[in-house]
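**Q** Let me begin by handing over the structure; questions about it come next.
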Amino acid sequence: MNIVACVKRVPTTEAVVKVADGGTSLDESGLSYMISFYDELALEEAVRTKEAHGGEVTVLTLGPSEGTKEIRECLAKGGDRAELLADSNWLSRDCRASAKALAAKLSDLGADVAFMGRVATDRDNAAVGPMVATYLGWACVTDVVSLELAEDKGTARRETETGIETIEFSLPAIITCNKGLNEPRYSNLKGIMAAKKKPLEESPAELVDNQANVIALTPPSPRPEGRILGTGPDAVPVLIEALRNEAKVL
Amino acid sequence: MKPILVFVELTAGAPRRASLEALGAARATGAETIAIFAGEGSNSTSCNGAQKAIALSGDDSSSDALASALAEAVKSNDCSGFMAAASSAGRDLAPRVAAHLDAVLFSDCIGITAADDQLNARRPWLAGKVIADLASNASVFCATTRLNVFTSSEETGPDVCETAAISAEPKARVVSVEAKASAQLDVQEAPVVISGGRGMGEPEQFSLLEGLAAAFGNATVGASRAVVDAGWRPHAEQVGQTGKTVSPQLYFAVGISGAIQHLAGMRTSGVIVAINKDAEAPIFKVADYGIVGDALEILPVLTEAIQEIKAEA
């Protein structure tokens, strides 16, 4: 099977984020990066799919040329080769332009199945997977928590607010991965050594202009100063009084 | 201004509250709105804020086929935009509709405004660590609206309803649905969220939070990343950057210290109450009201007090 894991380099979840001077971009100084949490699940599912069905796993990313450290980590965890679509302006790329660049590459690669995280933890759009599938005319199942693949079709379970949907789909397909689908493995020394020799090809991303323009980025407004009402169960009546008569939510 | 098409999800034939909020958000821009839903014979008058309704006939079990029909309706009705709630269904459909229209999508918006015939979106980045104001230069504006943020319109919906068909060949379709065992609301939808963390001591003690949620009636239980990673609670309940971002009217953080990734997921809540043993815990910095102490002692007293209030009402 020709398997692709799409991963994105994002600021770490622990990062304290600041807006740069000018107010329309993030201050990159002091930011450290990681592969987006859900993309780790996508990589793991890609590797498991190879282990079950054979084939090759290509790690595909759209991002900066300097993002190779995170890609090597993906190769250490079982990716066979990597493609970096270089985009020096990756932090401000919109979901449509990203989707078009990834769709073009997935088509070139002739993928049977591509895994992505259900959402990237920087922009929180949850848009690129279904957008790519729509541009390619492929099937797409989002928020997947379990998956079975056959030669030209598959069955996935998707988590919604109200329960679980079972979905049958044809290949090629995009699967967006939700927590519960698998437990990502850690890399070991052997994998890390092997990853150094695996091919990592960089090419310029085929980019269209952004449609989304940033007018302003602002820190969230600070919450009004709160107060400690007391200690232990004795403070409960004070809390009830405050929720009722001050906050008026009871 | 051209009309905005709003996808309306139905539960037992009636619009979901989240969809009425999306209709309200679209209407509040000053545009006319068209409500579109899957299922003929549904009651279009309950689509508050819509001037026109379209019922889609045909098999609605495929997101890709449904999205094609929605994109067709945007075109055939010469709409300026497409909107849906940022629910499971909305977040699955809207990117597909946007791609059919070759337009960018703004997901999970907390503000949508119109200026000079152009719609602008306000939405959180990095789970709310930064708020972005964005404009699109596409000919069609596509957005989903965060649950619990917008209010539905006072105007009742139209009494006439046109029809259109879902006709594209499906590539994926739902073959069965298992409802959640409990009727518990999703954390993104519930007006009151009661989240627990490590300070609950052990997984069994979450029954105290469930008891408090039951006393409220309109509440649901959430969880910190620590207790989800420990296997105490399902991921669907996780609030934070690698879980769900919530904006309930009232949020309880019980035994949660307040890691930055949790704070990002709940700081837009209306009123925040924190209960924690550690008076120095960061959660108290964002809480409106705090009680220092053992949650296991405080919760039964609090639950009883809420039960009394609800019994009076």
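**Q** Cα to Cα, under 16 Å, and not fewer than 8 places away if on the same chain: which aspartates and glutamates meet these conditions relative to residue B:129?
**A** Residue B:129 reaches A:14, A:27, A:28, A:122, A:124, B:108.
**Q** Could you put B:312, B:202 in order of accessible surface area, largest first, with the 1.4 Å probe and the full protein assembly present?
**A** Details: B:312 130, B:202 85 Å².
Ranking B:312, B:202 by accessible area, largest first, yields B:312, B:202.
**Q** Can I ask one more? Hey, how many Å between the Cα centroid of the range B:1-69 and the Cα centroid of the range B:152-173?
**A** 5
**Q** Lysines near residue B:277 by alpha-carbon distance under 20 Å, same-chain residues fewer than 8 away left out - which ones?
**A** Once the sequence-local lysines are set aside, what remains near residue B:277 is B:285.
**Q** If you don't mind, there's one more thing I want to ask. Between chains B and A, what is the buried accessible area summed over both chains (1.4 Å probe, protein heavy atoms, nearest 100 Å²)? List each step's numbers first, then the result.
**A** Values: alone 14530 and 14170 Å², together 21740 Å².
Buried surface at the B/A interface: approximately 7000 Å².
**Q** Of B:76, B:124, B:305, which is farthest along the charge dipole of the protein assembly as shown in the positive direction, counting Lys and Arg as +1 and Asp and Glu as -1 at C-beta?
**A** Comparing the listed Cα positions along the dipole, B:124 ranks first.
**Q** Let me ask something additional. Rounded to whole Hz and in sequence order, give me ³J(HN,Hα) for the range B:272-282 from the Karplus expression 6.51 cos²θ - 1.76 cosθ + 1.60, θ = phi - 60°, writing x for Gly and Pro.
**A** 3J(HN,Hα) across the range B:272-282, in whole Hz: 10, 10, 10, 10, 7, 5, 8, 4, 8, 4, x.
**Q** Residues of the range B:253-297 with backbone nitrogen within less than 15 Å of a virtual label 7 Å along the Cα-to-Cβ line of residue A:234, please, listed as ranges.
**A** Under cut-off, by backbone N: B:291-294.
**Q** Here are some pairs, A:8/B:244; A:18/A:248; A:100/B:75; A:77/B:180; A:50/A:196; which of them have Cα atoms lying more than 26 Å apart in this structure? Numbers along the way, then the final one.
**A** Values: A:8/B:244 19 Å; A:18/A:248 34 Å; A:100/B:75 21 Å; A:77/B:180 34 Å; A:50/A:196 20 Å.
Violating the 26 Å Cα-Cα cut-off are A:18/A:248; A:77/B:180.
**Q** What are the residues of the range B:92-118 that lose 50 Å² or more of accessible area, with a 1.4 Å probe, going from their chain alone to all protein chains?
**A** B:92, B:95, B:96, B:99, B:102, B:104
**Q** Share of the range B:4-165's accessible area from carbon and sulfur, percent, 1.4 Å?
**A** On the range B:4-165, the fraction of accessible area on carbon and sulfur atoms equals 46 percent.
**Q** Of B:180, B:277, which has the most accessible area and how do the rest follow, probe 1.4 Å?
**A** Numbers: B:180 75, B:277 145 Å².
The ordering from most to least exposed comes out as B:277, B:180.
**Q** Hey, can you grab everything whose amide H is under 5 Å from the amide H of residue A:146? Only 5+ residues off in sequence or another chain; H modelled, so Pro and N-termini drop out.
**A** Sorted by chain and number, the residues that satisfy this are A:157.
**Q** Regarding the protein assembly as shown, what are the three Cα extents along the principal axes, ordered largest first, in Å?
**A** Extents along the principal axes, in whole Å: 66, 65, 49.
**Q** Hey, another quick one. Quote to one decimal, in nm, the extra length available between residue B:2 and residue B:175 on full extension: 0.36 nm per residue of separation minus the C-alpha distance between them.
**A** Result for the pair: 58.6 nm of gain on full extension.
**Q** Next question. Could you report the accessible area of residue A:6 in Å², rounded to 10, computed with a 1.4 Å probe on the protein chains as they sit in the structure?
**A** So the heavy atoms of residue A:6 present about 10 Å² to solvent.
**Q** I've got another one for you. Cα axis of helix B:17-28 to longest principal axis of chain B: angle in degrees, 0 to 90, nearest 10?
**A** 60
**Q** Where in the range B:247-267 does accessible area fall by at least 20 Å² between the isolated chain and the complete protein assembly, at a 1.4 Å probe radius?
**A** Those are B:250, B:260, B:267, which lose 20 Å² or more relative to the chain on its own.
**Q** Let me know the charge dipole size of chain B about its Cα centre in debye, to the nearest 20, where only the beta-carbon of Lys, Arg (+1) and Asp, Glu (-1) is charged.
**A** Numbers: 23 positive and 36 negative charges, 130 e Å.
With only Lys, Arg, Asp and Glu charged at Cβ, the dipole is about 620 debye.
**Q** Per residue, how much accessible area does the protein assembly as shown have with a 1.4 Å probe, in Å²?
**A** That works out to 39 Å² per residue.
**Q** Taking every DSSP beta bridge with both residues inside chain A, roughly what % is antiparallel (nearest 5)?
**A** Numbers: 16 of 45 bridges.
Percent antiparallel among DSSP bridges in chain A is about 35.
**Q** Go through B:54, B:31, B:12 and say which Cα lies farthest out towards the positive end of the charge dipole of the range B:1-72; charges sit on Cβ, +1 for Lys and Arg, -1 for Asp and Glu.
**A** The residue sitting farthest along the positive end of the dipole is B:31.
**Q** What does the charge add up to near residue A:201, with Lys and Arg as +1, Asp and Glu as -1, over the other residues with Cβ less than 11 Å from its Cβ?
**A** +1
**Q** Can you work out the base-10 log of I(q)/I(0) for the range A:1-156 at q = 0.11, 0.20 1/Å, using the Debye formula on its C-alpha atoms alone?
**A** -0.42, -1.35
**Q** To check my understanding: the extent here is largest minus smallest coordinate of the Cα atoms along each principal axis. What are those three numbers for chain B, in Å, largest first?
**A** 60, 40, 37
**Q** Based on alpha-carbon atoms only, what is the radius of gyration of the range B:192-312 relative to the globular estimate 2.2 N^0.38 Å?
**A** Here the answer is 0.95, to two decimals.
**Q** A further question on this structure: Longest span of chain A, sites excluded, free of GluC sites (Glu not before Pro) in DSSP loop with at most 13 other C-beta atoms within 10 Å?
**A** With GluC sites (Glu not before Pro) excluded where exposed in loops, chain A gives A:29-150 as its longest stretch.
**Q** Here's another thing I want to ask about it. Can you compute the FRET efficiency between residue B:311 and residue B:12 using 1/(1 + (r/R0)^6), with r the Cβ-Cβ distance and R0 = 35 Å? Round to the nearest 0.05.
**A** Calculated transfer efficiency: 0.75.
**Q** Once neighbouring chains are kept in place and the probe is 1.4 Å, which whole percent of the accessible area of the range B:192-312 is contributed by carbon and sulfur?
**A** The computed percentage sits at 50.
**Q** Also, I was wondering about something else. Given the options A:145, B:170, A:214, identify the residue whose Cα lies farthest towards the positive end of the charge dipole of the protein assembly as shown (+1 on Cβ of Lys, Arg; -1 on Cβ of Asp, Glu).
**A** Farthest towards the positive pole: A:214.
**Q** Between residue A:244 and residue B:45, take the C-beta separation as r, use R0 = 30 Å, and let me know the FRET efficiency to the nearest 0.05. The partial results should precede the final answer.
**A** On the way: r = 36 Å, r/R0 = 1.21.
Once rounded, the FRET efficiency stands at 0.25.
**Q** With charges only on Cβ, +1 for K and R and -1 for D and E, what is the dipole size of the range B:192-312 about its Cα centre, in debye, rounded to 20?
**A** 500
**Q** With only Lys, Arg, Asp and Glu charged, each at its Cβ (+1 for the first two, -1 for the last two), find how big the charge dipole of the range A:2-204 is about the Cα centre; round to the nearest 20 debye.
**A** For the range A:2-204, the charge dipole is close to 400 debye.
The values are calculated or read from the model by the stated rules, or taken from the named source; none is laboratory data. All figures in this text were calculated on a predicted structure; none of them were measured in a lab. Note that each Cβ is placed from the backbone with ideal geometry, even for glycine, and that neighbours are counted across all protein chains shown. To get the accessible areas, we keep the full protein, side chains included, count just its heavy atoms, and leave off ligands, DNA and RNA. Shrake-Rupley method; radii C 1.70, N 1.55, O 1.52, S 1.80 Å.
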